[in-house]
Amino acid sequence: MLSQFSYAEHPLRQRLNQEFHARPALPMEVPAVVSHMAFMHDGNSPADEKEHLSRLCNAGVCSFLESSDTHLILQAEKFTLRWERHTEFSSYSFSRPLAPGQSADIALTALDNSLPEWLGAIPGKLIVATHVELRSANEISPEAMIQRYAAGTRQTAAARISGGAAWVFSDFMYDRGFSRFVVIDESLTKRQAGRTVQRLVEIETYRTLAMLGLPIAKQVGSWLPGAETRLAEMMGRIVKTKNPEDEQQVLAELTQLAAEVEDSVARTTSRFAASRAYHSFVRQRIEELREERIPGLSIFSEFMQRRLLPAMNTCEAMARRQEDLSGRVVRSSQLLRTRVDIELEKQNRDQLQQMNKRVLLQLRLQQTVEHFSAVAITYYGSQLVKVVSYGVQEFVPGLSPEIAAAIAAPVIFILSQYGLHQMRHKLARDASSS
C-alpha cells in the first residue's frame, strides 16, 4: 500500500525496524542442552569471526537460518549455533536436543566432540562459559533438585519462574571451566523455554562483564588516598604561602596532580560506565524471570545483591571519588591561580606606576629641552637678522642691526613656541589615530 505513494523514505527506516526485530529467542524443545561462551574481541574484526564461522560448514552440511554483520544462526547436523557480536565481546551459543530420559551428566554439553580444534581457534579471549541443562519435570523432579543443592556445600540460587511454569537452579561456580544452570520445565512453551535460556546466559554474561570494573576499582582505590593526601598538603601550603615563588611552585604541583587525576579518569570512566550498564542488564533479566522463592534457597535477585552489588558499589564509589577529587583539584587550582593573577596584577600596576613616573619625568625633560630649543632658535634667529641687517645697511640708511635683532628676537621666540606647540599636537593626533 505504501508503494502507491511517493513518500521520501528515511534511509534508516528499514534498518531500524530490522534491528527492532533482531535476535529473537529461538524456540527450544525439552529436554535440551545449551553451551554458551563469550569472547572479548581483543582487536578481532567481524570479518575474522565470520571467516572462522564459515569453517564450521567445511566438514559437513549446514544452513544459515539468519545472517547479518553482527548476528548469525547456523543449523548444523548435530547442533544449532547462534553467534552475536556486541560492542566489546562476541557470544557463541550452541544448543542441541536430548533424547527423553537421557541420563544427566556433568560432562553432558551442547559442544560437539568433533569441534575441539575449531573451538580452540575462536578469535578473542574467553570471558564467559556456561552450560544450561533444560529438563522436564517428568524426568527430574524439582524436589530432588532442591534436596541435592540443599545438601551440598555450595551456596545456591534457585527460584520458580514464569508464573510457576519452571524451576531454575545454579551455584555460579565453575566445573571444568563452565558454570551451570539447570532448568526444570513444568509447563513452558517452546518460545518460553527459549527466552528463559536466553535470559539465563545473558545473566551469566553480563554479571561477569560487570565484574571487570572491580579490579580497576581496586587499583584506583589504592592510588586515590595518596592523591587526596597530596591535595590536602597542597591546600595547607596555599594557606601559608607568602610570596609569588611559593605560589608558583604549588601551582605547578597542582597542575601535575590534575594531569594524573584526569589520566586516571580517562582510563577508567568507560570501564565503570560499562559495568554500570551490564549491572542494569543483569537486574533487568532477573526481573523478567518473575521469580518466586523456594524455601531454604536464595532467589537470583537476592544472590546477586549479596555477591554482585558490593562490587558494583565499589566501582561507583571509586568513580565518584575520582570525580570529586578532580573537582577539588580544579577548584584549588582556580583559587591559587586567582591569587597568582592578583599578585601579577599588583606587580603590573606597580610597574605601570613606575613607568608613568618615568614618562612624566621624560615629559618634563622634553618640555625643558623645548624651552631651551626655543631660546636657542631665538638667539640664532636674531643673530641671523643682525647679520642680514649689516648686509642691507648701505641700502637702507639709518637701519641699526642691533635694533633689528632686538625687534626680531620676541617675534622669533613666539613663532618657535607656536611651531613646537603645533608639532606636539600633530604627534598626539597621529598617536591617537594609530
query: Inside the stretch 57-111, counting only strands (runs of 3 or more DSSP E) that do not spill past its ends, which hold 3 or more residues that are modelled with pLDDT under 85?
result: 63-67
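Scanning for something closer than 30 Å to residue 241 by Cβ and touching a Ser or Thr at 6+ places or on another chain (Cβ under 7 Å), does the stretch 312-328 turn up at least one residue?
yes
Residues checked against (1) of a type in the set (A, V, I, L, M, F, W, C); (2) crowded, with 20+ Cβ neighbours inside 10 Å:
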position: 167; (1), (2): yes, yes
position: 173; (1), (2): yes, no
position: 191; (1), (2): no, no
position: 200; (1), (2): yes, yes
position: 204; (1), (2): no, yes
position: 209; (1), (2): yes, yes
position: 230; (1), (2): no, no
position: 233; (1), (2): no, no
position: 244; (1), (2): no, no
message: Restricting to the stretch 313-351, name every residue that is surrounded by 17 or more Cβ atoms within 10 Å (Cβ to Cβ) and modelled with pLDDT under 80.
response: 336
- prompt: Before we move on, is residue 323 over 30 Å from residue 259 (Cβ atoms), assigned to a helix (DSSP H, G or I) and acidic (Asp, Glu)?
  reply: no
Which listed residue, of 301, 333, 326, 280, is under 30 Å from residue 158 (Cα atoms) and touching a helix residue (DSSP H, G or I) at 6+ places or on another chain (Cβ under 6 Å): 301
task: Considering each residue of the stretch 23-54, count those that are buried (at least 17 other Cβ atoms within 10 Å of the Cβ) and in a loop (DSSP other than H, G, I, E, B), and give that number.
output: 6
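The values are calculated or read from the model by the stated rules, or taken from the named source; none is laboratory data. These numbers were taken from a predicted model, which means no experiment stands behind them. Neighbour counts are summed over all protein chains in view; Cβ atoms, including those assigned to glycine, are modelled from backbone coordinates with ideal geometry.
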